[in-house]
Amino acid sequence: MVEHDALSVTREAYDAAAHTYAQLFSDELRGRPLDRAMLSAFAELVRENGDGPVADLGCGPGHVTALLDSLGLSVSGIDASSAMIESARRAHPALRFDTGSMAALDIADGALDGVLSRWSVIHTPPPELPVVLAEFHRVLAPGGHLLIGFSASEDASHPTQVFDHAVAPAYRWWPDHLAGLLRTVGLGEVARMVREPQPADRRQFREIHLITRKV
């Protein structure tokens, strides 16, 4: 499956699921103190580096975009799903949300001090992921930060694994492998959080949060 076909499949699936997704996940961060801590650290790093614009890529219904706004960032959201963007605009009318593709962002080179990609790369086929990561690097200013979240594969011998995502085909990544891809495009690792699965979690996957910096 080539990237544009995967993007179409993902977009259509999230368009269909947008209402349900917003109901299920708009308040998800309330019970995730570690996630909130990483988002707070990311916001502080962005403010220290110049406090420029930030893009929440794959923003969904906009709840994380709104959190970053509450942390003092000048943030906007982008998602491939027009239904998700409509939901985000209804829920957060004071913020800006636009449709777009992470592989071809309508953002000038070096225009951002921060990029958030929270579980938005999981639907990108592995051969196409370097293109998306290079696009993250392109839009970041020197010293700008990326916070990327994803689910981990089981071990180093499985750098990528398909998993049964409820909405669209999705992939898990071995953390060091994805960190290596980020280094290759010029995004050096600053910090890493590994969240072990909890007994009540539907999927027993480790969750990875990486903060990287454009070098």
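The values are calculated or read from the model by the stated rules, or taken from the named source; none is laboratory data. Since this is a predicted model, take the numbers as computed values, not measurements. For neighbour counting, all protein chains shown are included, and Cβ atoms are generated from backbone atoms with ideal geometry for every residue, glycine included. Only protein heavy atoms, including side chains, enter the accessible area calculation; ligands, DNA and RNA are left aside. Shrake-Rupley method; radii C 1.70, N 1.55, O 1.52, S 1.80 Å.
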Scoring the chain by relative contact order with C-alpha pairs under 8 Å, at least six apart, yields a percentage of 19
Carbon/sulfur accessible area of region 24-132, % of total, 1.4 Å probe, equals 52
re the chain: pairs of Cα atoms spaced beyond 28 Å account for a percent value of 21
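Per-residue ellipticity at 222 nm for the chain, helices alone: DSSP H runs ≥ 4 residues times -39500 (n - 2.57), over residue total, nearest 500 deg cm²/dmol? Provide the component values of the computation, followed by the final result.
Working: 6 runs with 79 residues, N = 215.
After summing the helix terms and dividing by the residues of the chain, the value is -11500 deg cm²/dmol.
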Within the chain, the percent of DSSP beta bridges that are antiparallel, given to the nearest 5, stands at 55
PRE zone check, label point 7 Å out along Cα-to-Cβ of residue 168, amide N under 17 Å, scope region 48-62, hits 56-62
So the FRET efficiency between residue 91 and residue 37, C-beta based with R0 = 25 Å and rounded to 0.05, is 0.60
Taking 0.36 nm per residue of separation between residue 82 and residue 176 and subtracting their Cα-Cα distance, the length gained on full extension comes to 30.5 nm
In Å², rounded to a whole number, the accessible area per residue of the chain with probe 1.4 Å is 45
Between the modelled labels at residue 155 and residue 193 (7 Å from Cα along Cα→Cβ) the distance in nm is 2.9
